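I have placed the structure first, in the form of structure tokens, so that the comments after it can refer back to it.
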Amino acid sequence: MVRRPVAGVAAIVLLVEAVGFVFVNGVMATVVDNQQMSLAGLDPDAMSTGTWGAGFALGLYLVGCAAVLVRAAITDRGFGRVARPVLIGCAILHGVLGALAVGLVGWAAFVFMMVVLGLLVLTLVAYGEGAKAGEPATTAPAGTGTSAA
């Protein structure tokens, strides 16, 4: 089955993306700090600190999602009550960022975000909701909506 390699690839992509987000937010924070830019009278130091904080928070979230995916790839077990919503939130985040990326960055960024979204959704579907956190994931027979026993 392809679920283990897909989970592993998704984890690697999320780790690379986490580094990229922290780097981009660091560049933005540095530019705001060096230019002493202000938006609607906000303190430039607060804007710079907030940008660094947002970058690290998003980077940690992506690393956490990657850790969940690595666990799934190594153990071939389904996701628990906490891990599944966290990964669903990550997929939603990539869908929203992909929609924003079209206008702000371009189609290449959109395609990247949609590839990551596809990897996350494929992993979520492959491990299925029927698999408990401590049990091996099962696959559903073709044409049915339930897991195989």
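Quick look at the numbers
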{"item": "Highest average packing first - 81-90, 2-11, Cβ atoms within 10 Å", "result": "2-11, 81-90"}
{"item": "Solvent-accessible area, 1.4 Å probe, carbon plus sulfur percent, for the chain", "result": "73"}
{"item": "Debye, to nearest 20: dipole size of the chain, +1 on Lys, Arg Cβ, -1 on Asp, Glu Cβ", "result": "640"}
{"item": "Fluctuation leader among Gly53, Gly78, Gly41 - the chain, Gaussian network, Cα springs under 10 angstrom", "result": "Gly41"}
{"item": "The chain - accessible surface per residue (Å², probe 1.4 Å)", "result": "57"}
{"item": "HN-Hα J in Hz across segment 40-49 - Karplus 6.51, -1.76, 1.60, θ = phi - 60°, x for Gly and Pro", "result": "6, x, 6, 5, x, 5, 5, 5, 5, 5"}
{"item": "Calculated log₁₀ intensity ratio I(q)/I(0) where the Debye formula runs over C-alpha points of the chain, q = 0.09, 0.12, 0.14 Å⁻¹", "result": "-0.36, -0.58, -0.73"}
{"item": "Rounded, prolate or oblate (a/c below 1.5 giving rounded, otherwise prolate when a/b exceeds b/c) for segment 42-127 by Cα gyration tensor", "result": "oblate"}
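The values are calculated or read from the model by the stated rules, or taken from the named source; none is laboratory data. All of these numbers come straight from a predicted model, not from anything done at the bench. Quick reminder, even Gly has a Cβ in these numbers, built from the backbone with ideal geometry, and neighbours come from all protein chains shown. When the accessible area is computed, the model is the full protein with side chains, heavy atoms only, and any ligands, DNA or RNA have been set aside. Shrake-Rupley method; radii C 1.70, N 1.55, O 1.52, S 1.80 Å.
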